[in-house]
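S.K.: One structure follows; several queries about it will come next.
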Amino acid sequence: MAANSVRIAVLPGDGIGTEVTDAALAVLEPLARRHGIGLSTETLPAGAFHYQATGEAFPESSFRAAEAADAILLGAMGWPGIRQADGTEIAPQLDLRFRLGLYAGVRPVRAIPGVPVALADPRAQGIDFVLVRESTEGLFHSRGAGLVTEDRAEETLRITRATTEKLSRFSFRLAERRAARLGRKGRVTLVDKANVFRAFAFMRAVFDGVAVEFPGVESGHHYVDAMALDLVRKPWAFDVLPTENMFGDILSDLAAGLVGGMGFSPSADIGDEHAVFQPAHGTAPDIAGQGIANPTAMLLSAAMMLDWLASRGAGQGFAEAGAELEAAVDAAFAAGLRTADIGGGDGTAAVMRAVAEQIGG
């Protein structure tokens, strides 16, 4: 990509996806001007309502445009009442993960100043860890192709050496960057079920083989059931947590509940060449169209996107813009911003304005 000029494919999707996307774009525009970075956006059709209207959930033209962009910003997709013939919901975001090889589902979990945390222990104010969910195989490997008969249903879990090695190296490198930023030793803890399943014993062996390449980072393992317990008992004890697809899907929602809920949970799906940035929440049909959706997760996802673009050669201005956006979110909530999901009265537009006012302040 050319330094200081990037193309962003925007997939607003369905429900509150469109609302939080509009809020993020409204904040990104002045932020880009302030840092002298070029952001051109192209909004692409996809999602459940597009499927309902056209019979296509993700037009090939939309996929090709997203594939050609420097990064993809996605709102949320799917709708309970709009389903495919097999009963599953419309989920073009999963198609992106598989077709673009986005193996690292990055889910930061961080206590934001002023946002209530679920635990009374004062150490909970310092929660700051990252789940790295493998996003292309595991139990999702047979998505859409599982065996279903009148008497039974079967899905196949697959874990490969190549993907596990990439996921592990991604996690150790992330831990190195976090250690440098936070001023302490990095630690990577594989979350598995190696005591019961051979596939996870295999995953652990591959992970351990990669760990020796990173002597400056601590490594360890945790069974997934024990991790569910310890994320409630002592979430401040963890740093980077790579895990299988389904385990990561479940644990990331649990983790979001520790720091205010899904409205505060950004995410990215990253591969070797492409990346999608989106809030971890869904389309929220119960509040769609009411103007009360919390866009914070989308704003933080956009900050992750800017930082990733900088790492891909777009220029230091992108990293600085991403850091300022994250800091503006923190400052807005520290100053008293309160969204409906944490008992306040500030809607989508109010969050957008409050964060925009902090930029450059």
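The values are calculated or read from the model by the stated rules, or taken from the named source; none is laboratory data. Only a predicted model underlies this, so the values are computations on that prediction, with no experimental measurement involved. For neighbour counting, all protein chains shown are included, and Cβ atoms are generated from backbone atoms with ideal geometry for every residue, glycine included.
S.K.: Need at least 2 residues that are in contact (Cβ under 8 Å) with a residue 60 or more places away in the chain, within 13 Å of the chain's Cα centre (by Cα) and not assigned by TED's automatic domain parsing to the domain that holds ALA175 per element, so show me which strands (runs of 3 or more DSSP E) inside region 237-289 make the cut, counting only ones lying wholly within it. Please lay out each step first, then the result.
M.R.: Values: elements: 240-243, 266-270, 275-279.
Passing ranges, in order: 266-270, 275-279.
S.K.: Of the conditions (1) surrounded by fewer than 21 Cβ atoms within 10 Å (Cβ to Cβ); (2) in contact with a His (Cβ under 9 Å, 6 or more places away or on another chain), ASN245 satisfies every one except a single condition; which number is it?
M.R.: Unmet for ASN245, out of (1) surrounded by fewer than 21 Cβ atoms within 10 Å (Cβ to Cβ); (2) in contact with a His (Cβ under 9 Å, 6 or more places away or on another chain): (1).
S.K.: Run ALA85 past the list (1) buried (at least 24 other Cβ atoms within 10 Å of the Cβ); (2) at pLDDT below 95; (3) of a type in the set (A, V, I, L, M, F, W, C) and report the number of the one that doesn't hold.
M.R.: Result: ALA85 fails condition (1) only.
S.K.: Further, regarding this structure: Mind listing just one residue for me: the one in region 1-44 that is free of Cβ contacts under 8 Å to residues at least 40 places away in the same chain and crowded, with 20+ Cβ neighbours inside 10 Å and, of those, nearest to ALA293 (Cα to Cα)?
M.R.: LEU44
S.K.: Further question on the same structure: Quickly run through region 45-68 and pick out the residues that are modelled with pLDDT of 95 or more, surrounded by fewer than 22 Cβ atoms within 10 Å (Cβ to Cβ) and not in a helix (DSSP H, G or I).
M.R.: Passing the criteria: PRO45, PRO59.
S.K.: Pick out the one residue from LEU100, LEU11, LEU25 that is in contact with a helix residue (DSSP H, G or I) (Cβ under 8 Å, 6 or more places away or on another chain) and within 19 Å of ALA302 (Cα to Cα).
M.R.: On inspection, the qualifying residue turns out to be LEU11.
S.K.: Which count do you get for residues in region 204-234 that are assigned to a helix (DSSP H, G or I), out of contact with any Pro (no Cβ under 9 Å at 6 or more places or on another chain) and without any contact (Cβ under 8 Å) to a residue 60 or more places away in the chain?
M.R.: The first filter runs over region 204-234 and keeps only residues assigned to a helix (DSSP H, G or I), leaving 204-211, 224-233.
Now drop any that are not out of contact with any Pro (no Cβ under 9 Å at 6 or more places or on another chain), which leaves 204-206, 208-211, 224-233.
Applying the additional criterion that residues be without any contact (Cβ under 8 Å) to a residue 60 or more places away in the chain yields 204-206, 208-211, 224-231, 233.
The total comes to 16.
S.K.: Assuming GLY101 fulfils every condition listed in (1) part of a strand (DSSP E or B); (2) on the phi > 0 side of the Ramachandran plot apart from one, which condition is it?
M.R.: The number of the failed condition is (1).
S.K.: Still on this structure, please answer the following. Restricting region 344-361 to residues that are assigned to a loop (DSSP other than H, G, I, E, B) and without any contact (Cβ under 8 Å) to a residue 12 or more places away in the chain, which is farthest from LEU258 (Cα to Cα)? So that I can check it myself, show each step before the final result.
M.R.: Going residue by residue through region 344-361, those that are assigned to a loop (DSSP other than H, G, I, E, B) are 344-345, 347, 359-361.
Add one more test, that the residue is without any contact (Cβ under 8 Å) to a residue 12 or more places away in the chain, and what stays is 344-345.
Numbers: GLY344: 18, GLY345: 21 Å.
Looking at residues that are assigned to a loop (DSSP other than H, G, I, E, B) and without any contact (Cβ under 8 Å) to a residue 12 or more places away in the chain, I get GLY345.
S.K.: Of all residues in region 17-30, count the ones that are at pLDDT 95 or above and out of contact with any Ser or Thr (no Cβ under 6 Å at 6 or more places or on another chain). Break it down into steps so the answer makes sense when it comes.
M.R.: At the first step, the residues of region 17-30 found to be at pLDDT 95 or above are 17-28.
Subsequent filtering for residues that are out of contact with any Ser or Thr (no Cβ under 6 Å at 6 or more places or on another chain) retains 18, 20-22, 24-28.
Count: 9.
S.K.: Regarding ILE292, is this residue outside any helix (DSSP H, G or I) and in contact (Cβ under 8 Å) with a residue 60 or more places away in the chain? Walk me through it before giving the result.
M.R.: Details: outside any helix (DSSP H, G or I): yes; in contact (Cβ under 8 Å) with a residue 60 or more places away in the chain: no.
So ILE292 fails the test.
S.K.: So if I check each of ALA194, ALA201, ALA180, which one is in the same structural domain as LEU231 (by TED's automatic domain parsing), in a loop (DSSP other than H, G, I, E, B), of a type in the set (A, V, I, L, M, F, W, C) and free of Cβ contacts under 8 Å to residues at least 40 places away in the same chain?
M.R.: Details: ALA201 fails: in a loop (DSSP other than H, G, I, E, B); ALA180 fails: in a loop (DSSP other than H, G, I, E, B).
It is ALA194.
S.K.: Further, regarding this structure: Determine which single condition GLY282 fails, assuming it passes every other condition in (1) more than 26 Å from ALA69 (Cα to Cα); (2) at pLDDT below 95.
M.R.: Against the list (1) more than 26 Å from ALA69 (Cα to Cα); (2) at pLDDT below 95, GLY282 comes up short only on (1).
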